[in-house]
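Working notes, beginning with the structure itself.
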Amino acid sequence: MGETAGPVGAALGLAVASGLSLYGAVFVSGLTIRLGWVHLAPAWTTLHVLADPVVLAVSGLLFLVEFLADKIPVVDSLWDAVHTVIRPVGGALLASRALGELSPAAEVLALLLLGGATLATHAAKATTRLAVNASPEPVSNVLISLAENGVVAGAVWMALAHPLIALGAGLVAVTLAVTVAVWLARRILGAFGRLKPGHGSAARRGGRRLRSSVP
């Protein structure tokens with residue numbers, strides 16, 4: 001049981017982290033492996049490629065760009081929009097490396113599920129940022145971004161060092177992410193609907209007609 005749950009937990013943890021920052025997940029994973037902070041299970045040898053100097057340099061540069069863009073209101077939402085496809089695809093490919101050799105059918109199923117988990121956390125992040133960007137001050141944006149960076153680092157470390165814990169935490173995280181994304185999306189769409197031209201005037205006309213009909 002543990003032989004299966006461990007790789008699944010590691011994969012889920014990496015997928016959740018990738019939904020917040022794909023480049024951060026790749027860079028932190030590679031750096032952690034490179035510095036020997038975690039000892040990978042024999043089945044996870046495919047993750048050693050993340051510690052390659054070239055991979056570290058490219059992922060580190062991309063993470064630096066994302067780190068800065070993620071602190072600027074509106075720019076962060078544009079960045080999230082661009083990565084709506086990149087994060088789920090990249091997260092699924094990254095996370096699936098923790099599963100080792102799979103049959104073709106199992107690999108397709110794993111990519112779909114891990115991509116869905118990455119998309120869930122990405123959606124929660126993107127909708128949260130849209131809601132935060134409605135505030136005129138930038139401090140909350142920066143604080144949330146820094147918190148997300150911390151979660152990415154923690155999720156990667158937990159996935160590689162404590163995969164069984166990562167499995168439980170990952171399932172909870174995905175459930176919360178879906179709940180938050182749906183709730184915020186409904187509120188944001190409702191707010192946009194109230195801003196449509198004629199919405200307020202139509203409501204006022206309806207109110208006047210109702211009052212005029214009352215004796």
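Points to keep in mind about this one:
- Acute angle (nearest 10 degrees) that the helix 139-161 long axis makes with the longest principal axis of the chain, alpha-carbon atoms: 30 degrees
- Compared with the alpha-carbon gap, the fully stretched path from Val89 to Ala147 is longer by 18.5 nm at 0.36 nm per residue.
- Rounded to the nearest 10 degrees, the angle from helix 199-213 to the longest Cα principal axis of the chain is 40 degrees.
- Prolate/oblate/rounded label for the range 1-89 (Cα gyration tensor, a/c 1.5): oblate
- Seen against the Cα atoms of the chain and their longest principal axis, helix 163-194 is set at about 20 degrees.
- Dipole magnitude of the chain, debye to nearest 20 (Cβ charges: Lys/Arg +1, Asp/Glu -1, about Cα centre): 1680 debye
- Rounded percent of accessible protein surface that carbon and sulfur make up, the range 41-168, 1.4 Å probe: 83 percent
- List Ser103, Ser145, ordered by accessible area with a 1.4 Å probe, largest first: Ser103, Ser145
- Most tightly packed first, judged by the mean number of other beta-carbon atoms within 10 Å of their residues, the peptides 20-27, 62-69 read 20-27, 62-69.
- Calculated mean residue ellipticity, 222 nm, the chain: -27500 deg cm²/dmol, from DSSP H runs (n ≥ 4) at -39500 (n - 2.57) each, averaged per residue and rounded to 500.
- Protein-only accessible surface order, largest first, of Trp44, Trp37 at 1.4 Å: Trp37, Trp44
- Residue-span extension gain [Ala57 to His39] - 0.36 nm each, minus C-alpha spacing: 4.3 nm
- Largest first, the residues Lys71, Lys125 sort by 1.4 Å accessible area into Lys71, Lys125.
- Nearest-10 value in Å² for the accessible area of Val55, using the 1.4 Å probe: 50 Å²
The values are calculated or read from the model by the stated rules, or taken from the named source; none is laboratory data. Quick caveat: nothing in here was measured; it's all calculated off a predicted structure. So basically every Cβ, Gly included, is an ideal-geometry build from the backbone, and we count neighbours across all protein chains shown. Please note that ligands, DNA and RNA were not included when accessible areas were found on the heavy atoms of the full protein model with its side chains. Shrake-Rupley method; radii C 1.70, N 1.55, O 1.52, S 1.80 Å.
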